[in-house]
Amino acid sequence: MGAGTVVRDRVRKDLSEISNKTTKPIVSASPEIRSNSRKKIQRRSKKAVISPVQKLFETCKKVFANGKSGAVPSQEHINMLRAVLDEIKAEDVDVSSKMPCFRSKSNGRPPVTYLHIYKCHSFSMGIFCLPPSGVIPLHNHPEMTVFSKLLFGTMHIKSYDWVADSPQPSSDTRLAKVKVDSDFTAPCDTSILYPADGGNMHCFTAKTACAVLDVLGPPYSDPAGRHCTYYFDHPFSSFSVDGVEVGEEEKHKYEWLKEREEEPEDLTVTAMMYSGPIIKE
C-alpha cells in the first residue's frame, strides 16, 4: 500500500516536470520521445492498482455505511459487494490448503482457525479455515447481513429461516424451515443471508480442507444485542404443537431449533495471524 503512494507521487512529479518544460513548444519533442514518456507513466500507474482485499475493504465501507442492526443494504450495494467477493481467490488473501491449520491431528473434532482481517462497528472481515471433518455448529446472525465466499474445498452447508408467528413447544424452541442442505465446491457463487431470510441460521461441515471468507454487517456485538446463539436441531416429528401442521411430504423441510444454553463443548476456534495484503484505512 505504501509503495502505491510512492508510485502515484512519482507519476505526479513526472507530470509536473513535463508541464514545467512546456514553456518551449511541446511539438519540439519527437513522437518517439513522447510515446516513451507516456508508456513510462502508464507502467508506473499500473503498479498503484489496489489489492483485491483493499478493494473489498473499500466496498464494505460503502455497503455497510449505515452500520445499524437490521439495516439491509440496497440491492445495488449487495450486487456490488457480491461481485467483488466473486472475484477474490485464495491467493489474494494468502491462504492455502498447505497451511498447518488444515492438517489437524486431533482424534476428536478438529479445531477451526480464524484469520482476523478487519473489524469496526459497521462490518467485519475474516477467514474461517476448516480441516477435513471440521464443523462450525448451527448458529444465528441476529440483525445481520452476511456474505460468505468459499475460497477452496468442498463444504456442506445447512441453513434455516424462522417460520414467522408459529406456535412454539417452549420458549427456547422454534420452528424453522430448511433453506439450504447441500454440498458446495469452490469455485462457486458467494452466498448471502439476511436478518429474516436467506438462511440466517447455518452450520458448516468441511468435506475437505476448506477456507471461507466471511463479511458480516454489522458484526456480532453483545452491547448492541447481537449475540451469537447456537442451536440443536430436531426433526419436525419430535414435537406435536397445536396449530402447527405440515403435510407428510413436506415434513423434511421443517425442523425445530432449540437454543443451547452454552457454546458447544466440541467447538474449538483458534486465532492465527492474517498474513495477506495489508489494508490501508
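The values are calculated or read from the model by the stated rules, or taken from the named source; none is laboratory data. This is a predicted model, so every value here is computed, not measured. With ideal geometry, Cβ positions are generated from the backbone for all residues, glycine too; neighbour counts draw on all protein chains shown. The area values use the complete protein model at the heavy-atom level, side chains included, leaving out ligands, DNA and RNA. Shrake-Rupley method; radii C 1.70, N 1.55, O 1.52, S 1.80 Å.
State all residues of segment 142-155 that are within 18 Å of Arg226 (Cβ to Cβ) and either in contact with a Leu (Cβ under 7 Å, 6 or more places away or on another chain) or assigned to a strand (DSSP E or B) (or both); if no residue qualifies, say none.
Those that are within 18 Å of Arg226 (Cβ to Cβ) and either in contact with a Leu (Cβ under 7 Å, 6 or more places away or on another chain) or assigned to a strand (DSSP E or B) (or both): Met144, Thr145, Val146, Phe147, Ser148.
Any residue in segment 194-202 that is farther than 30 Å from Gly243 by Cα and modelled with pLDDT of 95 or more?
No, every residue in segment 194-202 fails to be farther than 30 Å from Gly243 by Cα and modelled with pLDDT of 95 or more.
Return the pair list, or none, for Cβ contacts closer than 9 Å from residues in segment 240-252 that are under 11 Å from Leu175 (Cβ atoms) to residues that are assigned to a helix (DSSP H, G or I) and open to solvent by 70 Å² or more (accessible area, probe 1.4 Å), at least 6 apart or on different chains.
Sorted first by the residue in segment 240-252, then by its partner, the pairs are Val246/Lys253.
Got a sec? Which of Phe184, Phe204 is without any contact (Cβ under 8 Å) to a residue 40 or more places away in the chain, crowded, with 17+ Cβ neighbours inside 10 Å, in contact with a strand residue (DSSP E or B) (Cβ under 8 Å, 6 or more places away or on another chain) and under 22 Å from Gly153 (Cβ atoms)?
After applying the criteria, what remains is Phe184.
Restricting the search to segment 264-281, which residues are among the aliphatic types (A, V, I, L, M), surrounded by 11 or more Cβ atoms within 10 Å (Cβ to Cβ) and in a loop (DSSP other than H, G, I, E, B)?
Answer for segment 264-281, where residues must be among the aliphatic types (A, V, I, L, M), surrounded by 11 or more Cβ atoms within 10 Å (Cβ to Cβ) and in a loop (DSSP other than H, G, I, E, B): Leu267, Ile278, Ile279.
Restricting attention to segment 244-263, does a residue exist that is at pLDDT 95 or above, within 26 Å of Leu81 (Cβ to Cβ) and in a strand (DSSP E or B)?
no
Among residues belonging to segment 224-239 that are open to solvent by 70 Å² or more (accessible area, probe 1.4 Å) and farther than 18 Å from Ser171 by Cβ, point out the one that is nearest to the chain's Cα centre (by Cα).
Out of the qualifying residues, it is Pro235.
Taking the criterion of being assigned to a strand (DSSP E or B) and farther than 23 Å from Cys129 by Cβ, would at least one residue in segment 211-222 satisfy it?
Among the residues of segment 211-222, at least one is assigned to a strand (DSSP E or B) and farther than 23 Å from Cys129 by Cβ, which makes the answer yes.
Does at least one position in segment 108-129 carry a residue that is free of Cβ contacts under 8 Å to residues at least 12 places away in the same chain and small (Gly, Ala, Ser)?
no
Consider Phe204 carefully, then state whether it is of a type in the set (Phe, Trp, Tyr), within 30 Å of Glu58 (Cα to Cα) and outside any loop (DSSP other than H, G, I, E, B).
Against the criterion (of a type in the set (Phe, Trp, Tyr), within 30 Å of Glu58 (Cα to Cα) and outside any loop (DSSP other than H, G, I, E, B)), Phe204 qualifies.
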